[in-house]
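No value in this document is a laboratory result; all are computed from the given coordinates. Owing to the predicted nature of the structure, the values given are computational and were not obtained by experimental measurement. So basically every Cβ, Gly included, is an ideal-geometry build from the backbone, and we count neighbours across all protein chains shown.
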Amino acid sequence: MSQKIVRVVLEAPIDKSFDYLYQPTKVDDAIPEVGQLVVVPFGRRTVVGLVVGTGDSSDVPVEKLKAVAYCFHEIPPFDKAWMDLCRFVASYYHRTLGEVAINVLPKMIRQNKQKSIQKALKVIDEPVKGSEQQSEEVPELNEDQRRAVEAITATEGFSTFLLYGVTGSGKTEVYLRAVADKLASSPDGQVLLMVPEINLTPQLEKRIRSRFPREHIVLQHSGLTESERLRDWLAIMTGRARIILGTRLSVMTPAPKLRMIVVDEEHDPSYKQQEGVRYSARDLAVWRANYLKIPIVLGSATPSLESWHHAKSGRYRELALPERARENAAHPEITLIDTSKDKLVDGLSQTLVDAIEKRIEKGEISLLFLNRRGFAPVITCNACGWMSTCHRCSAYMVFHKANRILRCHHCGLERRIPKVCPDCGNVDLQALGRGTQRIEENIRLRFPQARILRIDADSTSRKGSLQEALDAIYHGDVDIVIGTQMIAKGHDFQNLTLVGVLEPDAALFSHDFRAGERLFAQLMQVAGRAGRDAVRPGANPSQVLIQTRYPSHPLYQAMRTRRYDAYVSQLMDERHMAGFPPFGFQALLMAEAKDISKAMMFLQQAKVLLGRREGLTVSDAIPMTIMRVADIERAQLLIESASRPVLQAALTEWIPQLRNVKANVRWTIEVDPLSI
Ligand code: ADP
Ligand code: ZN
Ligand code: ZN
């Protein structure tokens, strides 16, 4: 009788594998291989596990072993490359192999939905019904693009390219050419194209589909239904899907024939997973390309300082696209409006109002960017100073005028607008500051004839509403668009000649050392929405107006002259002096408890356990900037080193010790945190 021992890891913070017996239920059932998914009993539950070994004996007496409940024979076992990726993630981010591997599976597999899996497998076996003709016009590459494409396609083996090109310089065109070349040269190969957010840029998917009408193209992002996610994931892992377009989670898809990776907007913070296994999808993409010996292209108008550093030190190959690709599409002029001179009325300077007027006259679109939604960030009582604090968070509740509520953007708590001050009964409550709703209201008063559209998380919460709003802009049915960072990304709007930036200054004074880098990227991105198409005769020149109190700040000066390199070199000096990334490496231990003192005590204990180590700097435990969220209080401990191996070695020793600390706190470790 062919009975085997199968070694399995499970989604649990226990860093070990468990032995199970495998007894074939049918004569033709094969023994599970390494990399196969199985269902096993664990405690009182049955859970999905990953086979990491097989054998004939176990340290546990055979009669004590439980049996494998089910083996997913219909799903091919994961290959070594994927298992090694999971092992790397587990060791680098200090989680268990089971946590990593099981966590990234589609939910329907984790939940053992065998019927759905069978159904999905049938669907992916059907031939792809692509359209026959290529509907998109393929532009002739300009000189810079041609050089970039040639460099990428000439590469055999691993190489990281940093494609540094302003918005509209034709980076996407370079990706598409490189993809086409890869697919042509490896008939069964797969390529992975990663983007920060797919829902915000539906255009890209359309563009890819029309460029590759006959290819099997799949998506991987969190907006898919569970059955779509499963179907496309299976298409990838069985090698059928050729082009994978996905967000950060797509970096963990088991693509057995992967030949190239593209990471668009590589600097974007949304590549960082912020819960569970907190990985950087950009970094993992580079690791994966290195492991597989394939090329990877990182594209950005404002590369992260990490990538910039690698490019300058020669580890990455820099490919520059300094000019806009479309004929006659010039860079918009960037002007700083000094709001200490050109005083704001209702958040708008006269210069900006005049500029909007000119656009309306010519039937052109203006875009106003304010990265704060709601009507006002706080309301206050003029008599006693009461403020609309959230009683569950250390934050203010935001005034949403449309539905007359206060809402906490941290915990989601809502309450009706009080008619009188809850503390003193005064009826004179005042809204402080401005969000997109308030700007919209002001704009409607100033331009009563204009067609005005607001785009933010509140206005687009209904499914399909974002697409409707974007379509309205594409069709030219709008005069003035007001929006948050949702409208900054990747959209190729026509006839948009003015971008106004409202209240960008807060980031200049942030405690977060990456705030400036992020602000620059965001402003460049939103500025890139202006003047993407050719200038029409008689039209206004495309223009970006930034309202600021600090026009002489180096960030704005660099914006004005479009000299990211100048700003970066200043940031690099600061980072170098402080030992911050990319010159140093960080990890953050975060603790959550009902009471901040408990969280702090745990971190202090943790610090003692870590002790003094050569080359390692451990800060004091501090409460987080927003200390309380939904009645949970949070604190953090920062660990730094100039050497990655020193940091990793310390974490590897330290984390198992932390698991043994008896304290009533939840803690997580984050390696390479994006904000501290
Ligand atoms: P990016 O990704 O850098 O923002 P895109 O690749 O989207 O830039 O290109 C911006 C616009 O310019 C697109 O409409 C694209 O079709 C067009 N474009 C790209 N390359 C060329 C080219 N060589 N000649 C003419 N138009 C081009
Ligand atoms: Zn009051
Ligand atoms: Zn709250």
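Counting other beta carbons within 10 Å of each residue's own, what order do R44, R87 fall into, fewest first?
On the way: R44 5, R87 15.
The fewest-first ordering by Cβ neighbours comes to R44, R87.
From the mean inverse distance of alpha carbon pairs (Kirkwood) and the Cα radius of gyration, derive Rg over Rh for the range 373-518.
Answer for the range 373-518: 1.01.
What relative contact order, as a whole-number percentage, does the range 585-671 give when Cα pairs under 8 Å and 6 or more residues apart are counted? List each step's numbers first, then the result.
On the way: 146 pairs, mean separation 40.6, N = 87.
Value for the range 585-671: 47 percent.
Work out, in µm²/s and without decimals, the Stokes-Einstein translational diffusion coefficient of the range 351-405 at 25 °C, 0.890 mPa s, Rh from Kirkwood over C-alpha pairs.
Using the Kirkwood radius from Cα pairs, D works out to 173 µm²/s.
Which distance in nm do the two modelled labels at N199 and D79 give, with both placed 7 Å along the Cα-to-Cβ direction?
Between N199 and D79, the label points sit 3.3 nm apart.
If one computes the Cα centroid of the range 594-645 and of the range 411-438, what distance in Å separates the two points?
35 Å
Treat every Asp and Glu Cβ in the chain as -1 and every Lys and Arg Cβ as +1, leave all other atoms uncharged, and give the resulting dipole magnitude about the Cα centre to the nearest 20 debye.
The calculation lands at about 1360 debye.
If you take the beta carbon distance between S91 and V60 as r and set R0 to 25 Å, what does 1/(1 + (r/R0)^6) give as a FRET efficiency, to the nearest 0.05?
That pair, S91 with V60, gives E of 0.45.
Just want the answer: with Cβ charges of +1 for Lys and Arg and -1 for Asp and Glu, which residue in T436, H400, I639 is farthest toward the dipole's positive end in the chain?
Farthest towards the positive end: H400.
Could you tell me the relative contact order of the chain? Use alpha-carbon pairs under 8 Å, at least six residues apart, and round to a whole percent.
Reported as a whole number, the value is 11 percent.
Report, as a whole number in µm² per second, the diffusion coefficient that Stokes-Einstein gives for the range 17-69 at 10 °C and 1.306 mPa s using the Kirkwood radius over alpha carbon pairs.
135 µm²/s
Per residue and in Å³, how big is the convex hull formed by the alpha-carbon atoms of the range 585-671?
In the range 585-671, the Cα convex hull volume per residue is 79 Å³.
Which of the trypsin sites (Lys or Arg not before Pro) found in the range 582-676 are loop residues per DSSP with 16 or fewer other Cβ atoms within 10 Å of their Cβ? Don't skip to the answer; put the middle values down first.
Values: sites: K594, K598, K607, R612, R613, R628, R634, R659, K662, R666; in loops: K594, R612, R613, K662.
Here the sparse-neighbourhood loop sites are K594, R612, R613, K662.
Mind giving me the nanometre distance, one decimal, between the label points for E333 and Q604, set 7 Å out from Cα along Cα→Cβ?
6.0 nm
For the range 154-168, just list the computed ³J(HN,Hα) in residue order, Karplus coefficients 6.51, -1.76 and 1.60, θ = phi - 60°, integers in Hz, with x standing in for Gly and Pro.
Calculated HN-Hα couplings, in order: 7, 7, 9, x, 7, 7, 9, 9, 9, 8, 9, x, 4, 5, x Hz.
Enumerate by residue number the trypsin sites (Lys or Arg not before Pro) in the range 296-387 meeting two conditions: DSSP loop (anything except H, G, I, E, B), and at most 10 other Cβ atoms within 10 Å of the site's Cβ.
Answer in residue order: K341, K343.
Using the scaling law 2.2 N^0.38 Å as the reference, what is the normalised Cα Rg of the range 108-223? Spell out each step's value before the answer.
Details: Rg = 16.9 Å, N = 116, 2.2 N^0.38 = 13.4 Å.
This ratio for the range 108-223 stands at 1.26.
Could you give each residue of the range 243-256 its phi-based ³J(HN,Hα) in whole Hz, using Karplus coefficients 6.51, -1.76, 1.60 with θ = phi - 60°, and x for Gly or Pro?
Running phi through 6.51 cos²θ - 1.76 cosθ + 1.60 with θ = phi - 60° gives 10, 10, 10, x, 8, 3, 5, 5, 5, 9, 6, x, 9, x Hz.
As a check on your grasp of the helix formula, calculate [θ] at 222 nm for the chain: sum -39500 (n - 2.57) over DSSP H runs of n ≥ 4, divide by the residue count, round to the nearest 500.
-9500 deg cm²/dmol
What is the distance in Å between the Cα centroid of the range 33-106 and that of the range 258-301?
Here the two parts' Cα centres lie 25 Å apart.
Give me the base-10 log of I(q)/I(0) for the range 143-321 at each q in 0.10, 0.11 Å⁻¹, Debye formula, one uniform scatterer per Cα, rounded to two decimals.
Relative scattering, expressed as log10 I(q)/I(0), comes to -0.34, -0.41.
Which order results if L523, L192 are arranged by neighbouring Cβ count within 10 Å, fewest first?
Ordered from fewest to most neighbouring Cβ atoms within 10 Å, L523, L192 come out as L523, L192.
Looking at the P(r) of the range 218-374, how many percent of alpha-carbon pairs lie beyond 24 Å?
56 percent
Which Rg and Dmax, in Å, describe the Cα atoms of the range 4-103?
13.1, 42
Would you mind listing how long the range 478-575 runs along its three principal axes, going by Cα atoms, in whole Å with the largest first?
45, 25, 23
Using the count of nearby Cβ atoms within 10 Å as a rough guide to exposure, how do S510, S307 rank from fewest to most? Write out the running numbers ahead of the final one.
Working: S510 14, S307 24.
The fewest-first ordering by Cβ neighbours comes to S510, S307.
What list of ³J(HN,Hα) values in whole Hz, one per residue of the range 447-461 in order, does the Karplus curve 6.51 cos²θ - 1.76 cosθ + 1.60 (θ = phi - 60°) give from phi, with Gly and Pro shown as x?
Running phi through 6.51 cos²θ - 1.76 cosθ + 1.60 with θ = phi - 60° gives 10, x, 8, 6, 8, 10, 9, 9, 10, 8, 4, 6, 7, 10, 6 Hz.
Can you list which of the GluC sites (Glu not before Pro) found in the range 250-346 are DSSP loop residues with at most 15 other C-beta atoms within 10 Å?
E275, E327
I'd like the per residue volume of the convex hull spanned by the Cα atoms of the range 204-301, given in cubic angstrom.
113 Å³
Tell me the label-point distance for the pair M387, V420, using the 7 Å Cα-to-Cβ offset, in nm and rounded to one decimal.
2.5 nm
Considering all alpha-carbon pairs of the range 426-474, what whole percent are spaced by more than 16 angstrom?
Roughly 55 percent, rounded to a whole number.
Rounded to the nearest 20 Debye, what is the dipole magnitude of the range 143-321 about its Cα centre when Lys and Arg each give +1 and Asp and Glu each give -1 at the C-beta? Can you show the working numbers first?
On the way: 25 positive and 21 negative charges, 80 e Å.
So the dipole magnitude of the range 143-321 works out to roughly 380 debye.
So what is the relative contact order of the range 4-103, in percent, for Cα pairs below 8 Å that sit 6 or more residues apart?
36 percent
Quick one, can you get me the convex hull of the C-alpha atoms of the chain expressed as volume per residue in Å³?
185 Å³
Need the list of lysines near K598 for cross-linking: C-alpha distance under 23 angstrom, and skip anything on the same chain fewer than eight residues off.
List returned: K607, K662.
Using only alpha carbons, build the gyration tensor for the range 258-350 and give me the equivalent ellipsoid semi-axes, biggest first, whole Å.
36, 20, 12
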